[in-house]
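The values are calculated or read from the model by the stated rules, or taken from the named source; none is laboratory data. The structure presented is a predicted model; accordingly, all values stated were derived computationally and were not measured. Heads up, the Cβs are rebuilt from the backbone with ideal geometry, glycines too, and the neighbour counts pull from every protein chain shown. Side chains are part of the model used for accessible areas, which takes the heavy atoms of the whole protein and leaves out ligands, DNA and RNA. Shrake-Rupley method; radii C 1.70, N 1.55, O 1.52, S 1.80 Å.
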Amino acid sequence: MSEHAARILVAVEEDRLRERLRFLLTDLGHQITALKDGELALRYLDEEAFDVLLLSLSLPPYGGARVLEVSRERHPGVGVLLLAEGGSTEQALRAIEAGAYDLLTPPLGIEKLRAALRRLLEQQKLERENIELHRRLRQRWGIHNLIGVSPAMQRMYSQVLQVAASRVSVLITGESGTGKELVARAIHEASDRARGPFIPVNCGAFSESLISDELFGHVRGAFTDASSDKPGVFEQADGGTLFLDEVAELALPVQAKLLRVLQDHRVQRLGSTSAVEVDLRLIAATNKDLGGLVAQAAFREDLYYRLRVVAIELPPLRQRPEDIPLLVDHFVKRAAAENGKRIRGFTRGVLEAMLAYQWPGNVRELENTIQSMVVLCTGDRLREEDLPAHLGPRAARPELELKVGMTLAEIEREAILKTLAFTGGNRKRAAEILGIGLRTLFRRLGEYGA
Ligand SMILES: Nc1ncnc2c1ncn2[C@@H]1O[C@H](COP(=O)(O)OP(=O)(O)OP(=O)(O)O)[C@@H](O)[C@H]1O
Ligand SMILES: [Mg+2]
């Protein structure tokens, strides 16, 4: 069915015209209520659901234009078509301004009616879809502080919601500053363990012996300084979520112990003879290529598969530029509120510079950049002049010095060294700009002795 049946309220005083409309519209497959009084029409609109109001300009007691105004105000979802019989052009124009969707002039044949209705109903469908889209987007942005509309982020949101419902282990990978910890917290918050603890541990921040103690705890007397019992984070996270950040930093012996705990769901404190049962979800994160470490035997393969029952990969910000406007807007508002500044927004130039930049530090770098811009900003909008030098219009790129007579190898050397200077020594970024692999860059630098 190309044209769905609409519920139409026809409000026309003149009997012949009203009956003709009822006949034509019923013939087109719509449901019609027809009446000849404006006040009655408004009462019907308040009480029943209509898609369309078909109204004559001359409608008593106070004219179609007035009914139109009230209807638009009280029932903006009802589309209004005006019949231009019996009214002045001036009135008709005002009616259009007041929100009538279309003005139908005599003679009124079935084709004219059909076309006007089709346009109106299509428009209404689009509006409904648009509202639904926005509702869904809001719902999506709403996942615990996570912002982003890129397909990668949307995929991630549904993964978060899926894993939240179960107890599976999750491995989150992504460059520094891509939001790994935020995603871990989102999973915890969306899960039925949200009332339980969320315990983050940075595995890279402890030496090998200390991380064991941190994870599994000890009993009094287990070693010289152990003057009291100490539960490890596994016990602390009981009933909640344990977040092992920088999991690639764990030494192999600790990995073995960790694997055992994951298999048995029990932990034994150092020096204790018994193990206690723990019920928790483990989320691990790393910015390293854990699969690569497995291949080099630097990470246990069995543990790797235990951790990555579900793998969530966060792409770098430069690969999802469509998220940048939303993030900028969000961070500007937040920083302004935190710093008591009245900043209304940012210029287009600022956004363009942000879109052009590569963000090696990802969302964290974006957040910090905006925070300092907001703090230093003296106006009511962030402008290009407020951008830090490496992002701003003055971030002129150095020129290459090329002269005929140079060999290709010399030209290449010039390009590589100048690009590297431009990135402040960041080799990864330089390789990206040059469009070559990191290995090639390293090899060339080796050849130059740089
Ligand atoms: N999608 C996002 N929406 C809103 N804020 C974000 C988003 N992603 C990251 N952030 C913010 O960016 C900062 C860095 O995020 P987070 O600490 O989660 O990154 P990370 O991947 O754990 O980084 P690292 O590897 O350096 O530890 C945080 O302040 C976080 O709130
Ligand atoms: Mg982190």
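In this structure, ARG135 qualifies as modelled with pLDDT under 75, under 30 Å from PRO316 (Cβ atoms) and open to solvent by 100 Å² or more (accessible area, probe 1.4 Å). Listed conditions (1) within 16 Å of ligand 1 (Cβ to nearest atom); (2) on the phi > 0 side of the Ramachandran plot are all met by ALA297, apart from (1).
Scanning segment 149-183 for residues that are part of a helix (DSSP H, G or I) and either touching a Gly at 6+ places or on another chain (Cβ under 9 Å) or within 10 Å of ligand 1 (Cβ to nearest atom) (or both) yields MET153, GLN154, MET156, TYR157, LYS180, GLU181, LEU182, VAL183. The number of residues in segment 47-77 that are in contact (Cβ under 8 Å) with a residue 40 or more places away in the chain and in a helix (DSSP H, G or I) comes to 2. Kindly indicate whether ALA186 is of a type outside the set (D, E, K, R), part of a loop (DSSP other than H, G, I, E, B) and either open to solvent by 20 Å² or more (accessible area, probe 1.4 Å) or within 16 Å of ligand 1 (Cβ to nearest atom) (or both). Here the answer is no, as ALA186 does not meet what is asked. Considering each residue of segment 29-52 in turn, at least one proves to be closer than 17 Å to LEU83 by Cβ, polar (S, T, N, Q), at pLDDT 95 or above and out of contact with any Ser or Thr (no Cβ under 6 Å at 6 or more places or on another chain). With respect to (1) surrounded by 16 or more Cβ atoms within 10 Å (Cβ to Cβ); (2) farther than 30 Å from ASP264 by Cα; (3) within 16 Å of ligand 2 (Cβ to nearest atom); (4) at pLDDT 95 or above, the lone exception for ASN368 is condition (1). Within segment 307-326, residues that are open to solvent by 60 Å² or more (accessible area, probe 1.4 Å) reach partners that are among the β-branched types (Val, Ile, Thr) with beta carbons closer than 8 Å, at six or more positions or on different chains, in the pairs ARG308/VAL170; VAL309/VAL168; VAL309/VAL170; GLU313/ILE172; GLU313/THR173; GLU322/VAL149. Can you pull out the residues in segment 195-215 that are of a type in the set (A, V, I, L, M) and away from ligand 1 (no atom under 12 Å from the Cβ)? The answer is ILE199, VAL201, LEU210, ILE211, LEU215.
Listed here are the residues, each with its yes/no results for (1) under 21 Å from ASP323 (Cβ atoms); (2) modelled with pLDDT of 85 or more; (3) surrounded by fewer than 19 Cβ atoms within 10 Å (Cβ to Cβ); (4) not β-branched (Val, Ile, Thr).
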site	(1), (2), (3), (4)
PRO60	no, yes, yes, yes
LEU103	no, no, yes, yes
ALA115	no, yes, yes, yes
GLN124	no, no, yes, yes
ALA152	yes, yes, yes, yes
MET156	yes, yes, no, yes
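For first residues located in segment 233-254 and open to solvent by 40 Å² or more (accessible area, probe 1.4 Å), partners that are β-branched (Val, Ile, Thr) and within 15 Å of ligand 2 (Cβ to nearest atom) and lie 6+ apart or on another chain with Cβ distances below 7 Å form the pairs GLN236/ILE199; GLU246/THR286.
Filtering segment 34-58 to residues that are touching a Gly at 6+ places or on another chain (Cβ under 6 Å) and surrounded by fewer than 19 Cβ atoms within 10 Å (Cβ to Cβ) leaves only SER58. Could you check how many residues of segment 8-33 are open to solvent by less than 90 Å² (accessible area, probe 1.4 Å), in contact (Cβ under 8 Å) with a residue 12 or more places away in the chain and under 47 Å from the mean Cα position of the chain (by Cα)? Qualifying residue count, segment 8-33: 10. Across segment 332-349, the number of residues qualifying as of a type in the set (Gly, Ala, Ser), without any contact (Cβ under 8 Å) to a residue 12 or more places away in the chain and assigned to a helix (DSSP H, G or I) comes to 1. The residue list ASP245, ASP229, ASP279, ASP192 contains one member that is at negative phi and within 16 Å of ligand 1 (Cβ to nearest atom), which is ASP245. Within 16 Å of ligand 2 (Cβ to nearest atom), farther than 16 Å from LEU307 by Cβ, at pLDDT below 95 and not aliphatic (A, V, I, L, M), is that true of PHE206? Criteria met by PHE206.
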